[in-house]
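Every number in this text was worked out from the coordinates using simple rules, so none of it is lab data. Quantities reported herein were computed from a predicted structural model and do not represent experimental measurements. Cβ: placed from backbone, ideal geometry, glycine included. Neighbour counts: every protein chain shown.
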Amino acid sequence: MSTWTKATTYSDIQKAILTQIKVCELLEPHALIAASPGIVSERWLQDQTIPRSGAAFVGIGRLASVKNQADGTSEHELGLGVFVASPQGHRDTQAQTSVDTVHGLTQIIKDNRFELVKAQKPVGISARNLYSPSLDRLGSALWLIEWRQSFILFDAEGTALGNAASRSLGREERVDA
């Protein structure tokens, strides 16, 4: 049984998602699985060397909200995504592989807390084909899987962020004489 991680940064969350995608072995053996540089654009893809076996890029697209809980901790809701670049091949095979990969990744994402302490279940999962003629000319197809998910972040000592500050903020300690 693995030990769950207390994420201290958004990049910890991104790394945990990358790890889960790597261990599921859903993509071809030599596929590139990496953090995205933000939005994966056609221009960016043209400048990259995508392996013939395809790629998956995990990105954090937005911070949707930060909500304070009753205990003072802060819950961070992130907009997350996986860009899936299909392996090169015949268009019919490529289309089927892309759709099957998106389906498989969606099955991994739903209900997955990515072994992060106090992570909520993903919500609002959707996927879309980012077809464009220029990507087609490159011999690639690109899909985007998006979802929202809430996380509690922790400090280096493992305390949920917001707790200590919320308890003492604006309150004076009383000293009884």
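Given H placed on each backbone N at 1.01 Å, which residues far from THR5 in sequence or on other chains put an amide H within less than 5 Å of it?
Residues meeting the amide H criterion: LEU116, VAL117.
Quick check: the angle from helix 10-24's long axis to the longest principal axis of the chain, C-alpha only, nearest 10 degrees?
Taking the Cα atoms of the chain, the angle to 10-24 is about 50 degrees.
In square nanometres, what is one fourth of the surface area of the convex hull spanned by the alpha carbons of the stretch 12-166? Before the final figure, lay out the partial values.
On the way: hull surface 38.8 nm².
Value for the stretch 12-166: 9.7 nm².
Looking at the chain, send over the antiparallel percent of its DSSP beta bridges, to the nearest 5.
On the way: 29 of 34 bridges.
Around 85 percent of the beta bridges assigned by DSSP in the chain are antiparallel ones.
Near ARG148, within a Cβ-to-Cβ distance under 11 Å, what is the net charge of the other residues, with Lys and Arg +1 and Asp and Glu -1? Numbers along the way, then the final one.
Numbers: positive: ARG62, LYS121; negative: GLU77, GLU146.
Summing Lys and Arg as +1 and Asp and Glu as -1 gives 0.
Taking the chain as the reference, fit the longest principal axis to its C-alpha atoms, fit the long axis of helix 91-109 to the helix C-alpha atoms, and give the angle between the two in degrees, 0 to 90, nearest 10.
Taking the Cα atoms of the chain, the angle to 91-109 is about 20 degrees.
Translational diffusion coefficient of the stretch 1-77 at 10 °C, 1.306 mPa s, Stokes-Einstein with Kirkwood Rh over Cα pairs, in µm²/s as a whole number. Numbers along the way, then the final one.
Working: Rh = 14.8 Å.
It diffuses with D of about 107 µm²/s by this estimate.
Could the peptides 99-110, 137-148 be put in order, highest first, of the mean number of other beta-carbon atoms found within 10 Å of their residues? Numbers along the way, then the final one.
Values: 99-110: 16.6, 137-148: 18.7.
Going from most to least packed, we get 137-148, 99-110.
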